[in-house]
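The values are calculated or read from the model by the stated rules, or taken from the named source; none is laboratory data. Note that the structure is a prediction, hence the values are computed from the model and not measured. Positions of Cβ are backbone-derived with ideal geometry, glycine not excepted, and every protein chain shown enters the neighbour counts.
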Amino acid sequence: MIQKTSRLHTIVILGAGYSGTLTSVNILRKAVSEGIHILLIEGRLPFARGLAYHSWDDNLLLNVPAGNMSALADEPGHFVSYCQNIDPAFNAHSFISRRIYGDYLEHTLAQAKKESLAVLHKVEGHAVAVHPFVDSTGFSVQMANGEIFSADQLVLAFGHLLPKNPGLPSDFFATDSYIGNPWDFAALDGIDHDCPVLLIGSGHTAIDTLFRLTSSHPRKVFLVSRRGLRPHVHRSMAHQTPLLVAFPSYLHEVPCTVRAYLHALRNEVAKRERCGGNWRDVINELRPHTSAIWSHFNLAERRRFLIHTVAFWDIHRHRISPSAHWRLTQMLNSGQVEIIPAYIQSYDPCDEGVNVRLRLRHEETTKVVRVDTVVNCTGPNYNISTSTMPLIKQLSNDGLLKQDSMKIGLELDDQYQLIDSHGTPVNRLYYVGPMLKARYWEAIAVPELRGHTLDLAKIILAEIEHEQ
Ligand SMILES: Cc1cc2nc3c(=O)[nH]c(=O)nc-3n(C[C@H](O)[C@H](O)[C@H](O)COP(=O)(O)OP(=O)(O)OC[C@H]3O[C@@H](n4cnc5c(N)ncnc54)[C@H](O)[C@@H]3O)c2cc1C
């Protein structure tokens, strides 16, 4: 139990998307003494929404059913109850809009703040640098406006990085015909309504962008990706059988290689489908165990997975709602949308926009598509060494963080503390968010992040208790 603190204890949480917000919420809910102050810093977006839930566009739906979207790891029905207060017809199988989910996160933060012994301060502004105190008792956080905050414990929850420009560097990326940030809705809305657009990518980011671009204009859109794969659809949840929770028995004696696991997985899917089962259950049952499997793969196997398998894994694992699938299918059937498996060879700007030359996959031919604008929809970038964010550059230059060798996240210890460039954990400097992918693989969506934010909150509070 935490005793009343003899002095104020300040926890700075940098970034108020899902991860920073829920770390705050869990600390607020679990704090059992006064004297703990949380400074939640947000630079760009409304508090509690982050990149995924700041849109006011109800066309954009969650890609996970409401029943698995509780923000609180210890209250599984929390989100469904919230939704049913809005409309009793919502249930655990509903696919709710991301706008409502953002409202829910805001509400959850406000509620936790109201009921807590700890105190929450919201600070608007961009953090640009973090420096450990010389006596290692905490950190100073420098803001872009010159303000400086002191932290006894510091949580980095800076979230997603913008997509990298795809392929080789090109002058085209500096022109008005290119939009590098697919989440810049103002830029998307500024494209001439009747003009065709080419999206690089055919996954979730591309489908979101497609829906935004066609919500009021029936324009032509091309989705170009190397394999032309798109996410599978969730099955009607009404037919879902209860999931098995134990480690799948068909993987028990399997050697720890990607090839062997895939072979076993395919056999299991075939076996289940012969008995009227569904492949989605096999994937869903694997979900709680993917982190353990990832941790057992050696570096060569992880690399093999990222090169050869991840595109196929992602479309099975990260599915879209039935209504989004229906809408996409209608557009594909009508010819309004084309998904083209191809490599982009060149961009040649012209008076009417840009000619994009594609080398079609499995064919020796090329095709030129003329569009007004090209949007990079390759999804969030996990390679922090390419980030231009001042804070990340400073942390990296000062050796306070270390990128993992796969370049998909950060090196952390099992207490969520950053590993510095010498390989040593930085005491009380924590990270939570999608860069956990490097350590856990399955860590970028709410069903996993909610557990991490709760675990981190407990670690932070235990540290304070230890100090008393
Ligand atoms: C478009 C999209 C849709 C998704 N849909 C789903 C879904 O349906 N279901 C699901 O389970 N998961 C979904 N996810 C995944 C998941 O919810 C996110 O990964 C999760 O929200 C991550 O939140 P975050 O707080 O770590 O990052 P972010 O949402 O990126 O938030 C980070 C915040 O930190 C702020 N920040 C960054 N740097 C600074 C700084 N220097 N100073 C001050 N503030 C700073 C940013 O402005 C931002 O608000 C989606 C993800 C995306 C991108």
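Summed over the stretch 413-468, residues that are farther than 19 Å from VAL12 by Cα, outside any helix (DSSP H, G or I) and within 16 Å of the ligand (Cβ to nearest atom) total 5. Within the option set SER81, SER97, being over 28 Å from VAL426 (Cα atoms), buried (at least 17 other Cβ atoms within 10 Å of the Cβ) and modelled with pLDDT of 95 or more holds for one residue only, SER97. Residues that are within 14 Å of the ligand (Cβ to nearest atom) and of a type outside the set (A, V, I, L, M) within the stretch 377-391 comprise CYS377, THR378, GLY379, PRO380, ASN381, TYR382, SER387, THR388, PRO390, listed in sequence order. Just one of (1) more than 10 Å from the ligand (Cβ to nearest atom); (2) closer than 28 Å to VAL233 by Cα; (3) touching a helix residue (DSSP H, G or I) at 6+ places or on another chain (Cβ under 7 Å) fails for SER55. It is (1).
Is it the case that the stretch 366-389 has a residue that's among the aliphatic types (A, V, I, L, M), in a strand (DSSP E or B) and more than 30 Å from CYS195 (Cβ to Cβ)? Taking every residue of the stretch 366-389 in turn, none turns out to be among the aliphatic types (A, V, I, L, M), in a strand (DSSP E or B) and more than 30 Å from CYS195 (Cβ to Cβ).
The helices (runs of 4 or more DSSP H) found wholly in the stretch 257-311 include none carrying at least 2 residues that are under 19 Å from HIS232 (Cα atoms), in contact (Cβ under 8 Å) with a residue 24 or more places away in the chain and over 25 Å from the mean Cα position of the chain (by Cα). When the stretch 183-213 is limited to residues that are of a type in the set (D, E, K, R) and within 16 Å of the ligand (Cβ to nearest atom), the one that is nearest to GLY228 (Cα to Cα) turns out to be ASP208. Listed by first and then second residue, the pairs linking a residue in the stretch 431-447 that is among the hydroxyl-bearing types (Ser, Thr, Tyr) to a residue that is more than 10 Å from the ligand (Cβ to nearest atom), with Cβ atoms under 7 Å apart and 6 or more places separating them unless they lie on different chains, are TYR431/LEU410; TYR431/LEU412; TYR431/TYR416; TYR431/LEU418; TYR440/SER291; TYR440/TRP294. Among the residues of the stretch 179-222, those identified as surrounded by fewer than 16 Cβ atoms within 10 Å (Cβ to Cβ) and within 17 Å of the chain's Cα centre (by Cα) are ASN181, ASP184. Only one entry of THR10, THR21 meets the criterion of being within 26 Å of VAL119 (Cβ to Cβ), within 10 Å of the ligand (Cβ to nearest atom) and among the β-branched types (Val, Ile, Thr), and that entry is THR21. With respect to (1) out of contact with any Leu (no Cβ under 6 Å at 6 or more places or on another chain); (2) within 10 Å of the ligand (Cβ to nearest atom); (3) closer than 24 Å to ILE207 by Cα, the lone exception for ARG98 is condition (1).
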